[in-house]
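The values are calculated or read from the model by the stated rules, or taken from the named source; none is laboratory data. Note that the structure is a prediction, hence the values are computed from the model and not measured. Positions of Cβ are backbone-derived with ideal geometry, glycine not excepted, and every protein chain shown enters the neighbour counts.
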Amino acid sequence: MPLLLIVATGLLALAIFFPAAPSLTLMNTKASPRGGDFTLQGVAGAVSLSQFRGQVVLLYFGYTSCPDICPMSLGVMSTALAQLSEAEQQQLQGIFISVDPGRDSVAILDDYVTYFSPRMLGLTGSADQVAAVARQYGVAYQLGEADASGNYSVDHASIFHLIGRDGELVEALGHLTTPEVLLRQLRQLLAER
């Protein structure tokens, strides 16, 4: 089977398991159990969401060994971010949290995310810390069985989380979100003061 067909089949299967609405607007986020502050490790040390108060945050959960969904999603993110003006970019922080802390060191994450955009940070922590943050944001994931070489995949939800300047989760966009839709939503949040 050609590689393109395998990837397309994988995306279809993922779309069935994680159906994506173009926009899953969260109502009354202050009463919602989703979202909230967290502290994880980046290449320069501890990073907390609260450090970015006053900025818009674009948050995504994935892992660097992901063969298709994560690179495609980070491609969407980087395409949208590149279309922002320099002034807009200064008001936004992209964050990629690894759901595979066993393989994704902070150095590996930093190389991975900066390949896509210098406006992104790669964060990780212990398995328990990552699981707690994923629960806060309603992100399901599961590590697969390791093969004889120790390789495994990670099934995970593919969601773009948009966090307002006040640190509150505003919106969750599904996997099929285009760069144009993401850009429009980011600009709308950036325009709010």
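Restricting the first member to segment 174-193 and to residues that are closer than 13 Å to L58 by Cβ, and the second to residues that are polar (S, T, N, Q) and assigned to a helix (DSSP H, G or I), the beta-carbon pairs closer than 6 Å and six or more apart or on different chains are P179/T79. With respect to the conditions (1) surrounded by 19 or more Cβ atoms within 10 Å (Cβ to Cβ); (2) under 13 Å from the mean Cα position of the chain (by Cα), M72 lacks only one, and its number is (1). Going by the conditions given, is P67 under 21 Å from I163 (Cβ atoms) and assigned to a loop (DSSP other than H, G, I, E, B)? In short, no.
Across segment 126-163, the number of residues qualifying as touching a residue at least 60 places away in the same chain (Cβ under 8 Å) and under 30 Å from E192 (Cβ atoms) comes to 16.
Could you please find all residues in segment 155-193 being of a type in the set (V, I, T) and part of a strand (DSSP E or B)? If the condition is that a residue be of a type in the set (V, I, T) and part of a strand (DSSP E or B), then I163, V170 are the ones that fit.
When segment 133-145 is filtered for residues that are in a helix (DSSP H, G or I) and within 18 Å of S105 (Cα to Cα), the ones remaining, listed by number, are V133, A134. Could you tell me which residue of segment 116-137 is surrounded by the fewest Cβ atoms within 10 Å (Cβ to Cβ), considering only residues that are out of contact with any Ser or Thr (no Cβ under 9 Å at 6 or more places or on another chain) and farther than 18 Å from F52 by Cα? In this case the residue turns out to be D128. Scanning segment 97-115 for residues that are in contact (Cβ under 8 Å) with a residue 24 or more places away in the chain, outside any helix (DSSP H, G or I) and surrounded by fewer than 18 Cβ atoms within 10 Å (Cβ to Cβ) yields G102, R103. Considering (1) out of contact with any helix residue (DSSP H, G or I) (no Cβ under 9 Å at 6 or more places or on another chain); (2) modelled with pLDDT of 95 or more, the lone condition that R193 does not fulfil carries the number (2).
For (1) in a strand (DSSP E or B); (2) surrounded by 22 or more Cβ atoms within 10 Å (Cβ to Cβ); (3) at pLDDT 95 or above, each residue gets a yes or a no:
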site	(1), (2), (3)
A31	no, no, no
G54	no, no, yes
S78	no, no, yes
I95	yes, yes, yes
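The selection criterion, being within 20 Å of M72 (Cβ to Cβ) and either crowded, with 16+ Cβ neighbours inside 10 Å or over 13 Å from the mean Cα position of the chain (by Cα) (or both), holds for S153.
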